[in-house]
Amino acid sequence: MNFFCQKTGYNSIAAQKVNCLRSCGNIAVPYPFGLEEGCSARKEFQLKCTNGTSPSLQFDDGHQVTYINVSEGLMGIKYTPQKMFRVDAQKESGMYIGSLVSSSVQWVFANLTCQEALQNSSGYGCVDHHSTCLDVTSADGNVGYRCECMPGFCGNPYIPYGCQGSLSVSLLIHYLSKSFWFDSHRTLEITHN
């Protein structure tokens with residue numbers, strides 16, 4: 001079953017909110033997903049945590065979320081038998097690719113290509129300086145895009161400073177940027193003589 005994500009409705013402020021719950025039971029709920037109103041990037045990414053003796057993260061009334069992997073753009077979905085064919089209309093937006101029975105489904109940040117998404121900087125999801133955009137396709141063609149941290153970095157590309165690199169990578173980038181500045185600056189001085 002495919003779901004299509006809307007092209008608008010991105011909530012960039014939610015990434016910086018500090019009072020949002022980020023787990024349900026033992027399952028982490030990283031941004032762009034959220035549990036409360038205003039804590040997800042889009043309303044399609046708002047999930048529900050049931051408060052019982054054993055909390056359960058719900059995709060909708062018929063499907064339970066077993067994990068969220070931001071780096072791979074995957075979400076584990078487990079069918080809950082009481083509502084076999086029901087899928088919440090809010091989720092029918094194209095950001096999920098998979099059967100939604102009991103499997104890993106791929107999700108996209110928006111129903112845009114990377115090229116289209118880059119044209120709207122206020123709605124662009126790859127906000128970390130060390131993130132990059134990936135087009136996500138299926139057998140039917142382009143589905144949308146998602147973000148990932150650049151090689152040498154890991155973390156959450158959807159939040160500022162979310163992609164963290166190892167010290168050696170960070171030092172190498174710092175060294176190369178300083179070296180480039182020095183070389184270009186020295187070249188300018190030679191040109192002026």
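The values are calculated or read from the model by the stated rules, or taken from the named source; none is laboratory data. The structure presented is a predicted model; accordingly, all values stated were derived computationally and were not measured. With ideal geometry, Cβ positions are generated from the backbone for all residues, glycine too; neighbour counts draw on all protein chains shown.
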**Asked** Within segment 8-45, how many residues are modelled with pLDDT under 65 and surrounded by fewer than 15 Cβ atoms within 10 Å (Cβ to Cβ)?
**Response** 2
**Request:** Could you tell me which of the residues Val105, Val87 is of a type in the set (A, V, I, L, M), out of contact with any Ser or Thr (no Cβ under 7 Å at 6 or more places or on another chain) and at pLDDT 65 or above?
**Result:** Val105
**Prompt:** Is it true that some residue in segment 156-176 is at pLDDT below 95, over 30 Å from Ala28 (Cα atoms) and among the hydroxyl-bearing types (Ser, Thr, Tyr)?
**Reply:** yes
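Evaluate the following for Gln58: is it at pLDDT below 90 and either assigned to a strand (DSSP E or B) or not small (Gly, Ala, Ser) (or both)?
Answer is no for this residue.
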**Residues satisfying the stated conditions in segment 17-33, i.e. among the hydrophobic types (A, V, I, L, M, F, W, C), within 11 Å of Leu57 (Cα to Cα) and in contact with a Ser or Thr (Cβ under 8 Å, 6 or more places away or on another chain)** = Cys24, Ile27, Val29
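Please specify each residue of segment 119-146 satisfying the condition of being in contact with a Lys or Arg (Cβ under 6 Å, 6 or more places away or on another chain) and modelled with pLDDT under 95. Before you say what the answer is, go through the steps one by one.
Narrowing segment 119-146 to residues in contact with a Lys or Arg (Cβ under 6 Å, 6 or more places away or on another chain): 134, 136.
Of everything in segment 119-146, just one residue is in contact with a Lys or Arg (Cβ under 6 Å, 6 or more places away or on another chain) and modelled with pLDDT under 95, namely Val136.
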**Complete:** Lys48 fails exactly one of (1) surrounded by 13 or more Cβ atoms within 10 Å (Cβ to Cβ); (2) at pLDDT below 90, namely (2)
**Request:** Output yes when any residue across segment 125-143 is over 20 Å from Asn69 (Cβ atoms) and in contact with a helix residue (DSSP H, G or I) (Cβ under 7 Å, 6 or more places away or on another chain), and no when none is.
**Result:** no
**Message:** Checking the conditions here, which among Tyr67, Tyr31 is part of a loop (DSSP other than H, G, I, E, B) and either touching a residue at least 24 places away in the same chain (Cβ under 8 Å) or touching a His at 6+ places or on another chain (Cβ under 8 Å) (or both)?
**Reply:** Tyr31
**Request:** Just name the residue that is modelled with the highest pLDDT out of those in segment 70-84 that are over 24 Å from Tyr158 (Cα atoms) and outside any strand (DSSP E or B).
**Result:** Thr80
